[in-house]
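Please treat every number below as a calculation from the coordinates, not as lab data. None of the values given here were measured: they were computed from a predicted structure. Virtual Cβ from ideal backbone geometry, glycine too; neighbours counted across all protein chains shown.
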Amino acid sequence: MRPRLRLMIPGPIEVAPEVLAVMAEPLVAHYGEDWTAFYKETTGLLQKIFRTEGDIFLLPGSGSAGLDAALGSTLFPNGKVLIPRNGFFGERLESIARSYTANVKTVDFPAGQAVDPVEVGEVLQSGDFDALACVHCETSTGVLNPIQQLATMCRSQGVLFIVDAVSSLAIEPLEMDAWGIDICISASQKGLEAPPGLGVVAVGKGGWDAIDRRRSPGWYLNLKVWREYADKWGDWHPYPVTQPVNNIKALRLGMERVLEEGLDKRFERHQKIAQKLRRGLAEIGFTPYVPDEIASHGVTSVLGGDIDIDQLLRYVREQERILLAGSLGELKGKVFRVGNMGLEATDEAIESVLAALRNGLQNARTP
Ligand SMILES: Cc1ncc(COP(=O)(O)O)c(C=O)c1O
């Protein structure tokens, strides 16, 4: 069999062998005293990573399940929400929001640029909005949006603030409570170093106030239902459905790795490695698509220039056995992306990618 592809994409990411091994362990019941204690310890670790005292929910599904739960539970049927968009995942937030309310307004920024908090603030002030929802790391371009500034604005205007931290949690500094984020969403398969399968939702007091004012729709992704079970079945089965126990055990181990390293050290490591990648790309003739000051430290997008990106990525995949990502939407064919999250934020990983790209370029130039 050909060697497996090394994942250097912005999720799912490579996970440690011991985390993978947990996925093959014999099953346990998703309820009972021991399991419930384990589950609560696990959500406690997530509180540390989100830096919140809010409530944590693990939803079987993906990050989008968490986004759907957050937006549905706070906007249905007629909540008015402002969504700044600067890429594919901002558009995703908009699509989910529109499925619950007609009162959605967007403010658009060009792909590759960060959301401008001043412009967003002006729209917010003029519009009597209930909520602002924004992506932290816009994974389609690797732009970091100024979440802390947006949070401050929301606090001063009494507006609910929902953050998509799917590709930033445990990679970029994020302080849910200190900054004033009301609901924050992530997923298991990126910074948390676990396989895909769980959406993660953190809800603070402001989040619950907003949820309690609404007639949350549906059942499975209704955060009121999840809170009800956490309350009434808290001592043996604190959620409404069967949980994917091995995913939760793997997530727990992934998070232990994150916390063992220490969040601040981890942020520094990602910054250092992303900078090394950007320097290395420039040395072999590539231009990073996003300026340094607003660049994510877990995903880097790169302009292809006159290179045929599909051909380059195919070479790197087939000859070097490294999987890199293309892009989405309007950037498809123009930029490619390198993910260096968690285990792949190392000198060795970056050197391997740069060597593979160098070989790919040489191959493209050889007649
Ligand atoms: C910023 C962001 N939001 C949302 C999603 C959707 O997450 P999922 O595919 O886990 O539903 C992703 C996935 O890459 C993402 O990067």
Q: May I ask for the Kirkwood hydrodynamic radius of the range 280-321, worked out over all distinct Cα pairs and given in angstroms to one decimal?
A: 11.6
Q.
Starting from the 7 Å offset along Cα-to-Cβ, what nm value, one decimal, do you get for the label separation of residue 332 and residue 264?
A. 4.4
Q. Could you give the nm distance between label points at residue 18 and residue 310, where each point is 7 Å from its Cα heading toward the beta carbon?
A. 4.4
Q) For residue 86, what charge total do you get from the other residues with a beta carbon under 10 Å from its beta carbon, if Lys and Arg give +1 and Asp and Glu give -1? A) -3
Q | Too-long pairs where the Cα-Cα distance tops 25 Å, listed order kept, from 40/205; 40/272; 205/249 | A | 40/272; 205/249
Q.
Can you compute the helix-only [θ] at 222 nm over the chain? Use -39500 (n - 2.57) per DSSP H run of at least 4 residues, normalise by all residues, nearest 500 deg cm²/dmol.
A. -13500 deg cm²/dmol
Q. Which residue fluctuates the most in the chain, going by a Gaussian network model with Cα springs under 10 Å, if the choices are 225, 118, 258?
A. 118
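Given R₀ = 51 Å, what would the calculated FRET efficiency be for residue 175 paired with residue 366, taking r from the Cβ atoms and rounding to 0.05?
Working: r = 50 Å, r/R0 = 0.98.
E between residue 175 and residue 366, to the nearest 0.05, is 0.55.
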**Q.** Tensor-based shape of the range 90-233 (alpha-carbon gyration tensor, a/c under 1.5 rounded, otherwise prolate or oblate)
**A.** oblate
Q: Could you tell me what % of all Cα pairs in the range 79-135 have separations over 15 Å?
A: 41
Q) Which semi-axes, in whole Å and largest first, does the equivalent ellipsoid of the chain have when worked out from the alpha carbon gyration tensor as the square roots of 5 times its eigenvalues? A) 34, 26, 16
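Can you compute the charge dipole magnitude of the range 128-221 about its Cα centre, using +1 on each Lys and Arg Cβ and -1 on each Asp and Glu Cβ, nothing else charged? Give it in debye, rounded to the nearest 20.
On the way: 6 positive and 11 negative charges, 44 e Å.
With only Lys, Arg, Asp and Glu charged at Cβ, the dipole is about 220 debye.
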Q) Which whole-Hz couplings ³J(HN,Hα) result when phi for each residue of the range 106-118 is put into the Karplus expression 6.51 cos²θ - 1.76 cosθ + 1.60, θ = phi - 60°, listed in order with x for Gly and Pro? A) 10, 10, 9, 10, x, 4, x, 10, 7, 4, 8, x, 5
(Q) Please give the charge dipole size of the chain, origin at the Cα centre, charges +1 on K and R Cβ atoms and -1 on D and E Cβ atoms. Round to the nearest 20 debye. (A) 680
Q | Scattering profile of the range 272-367 at q = 0.13, 0.16, 0.21 Å⁻¹ [log10 I(q)/I(0), Debye over alpha-carbon scatterers] | A | -0.39, -0.60, -1.08
Q) Considering only DSSP states other than H, G, I, E and B, which GluC sites (Glu not before Pro) in the range 1-75 qualify as loop sites with at most 12 other Cβ atoms within 10 Å? A) 53
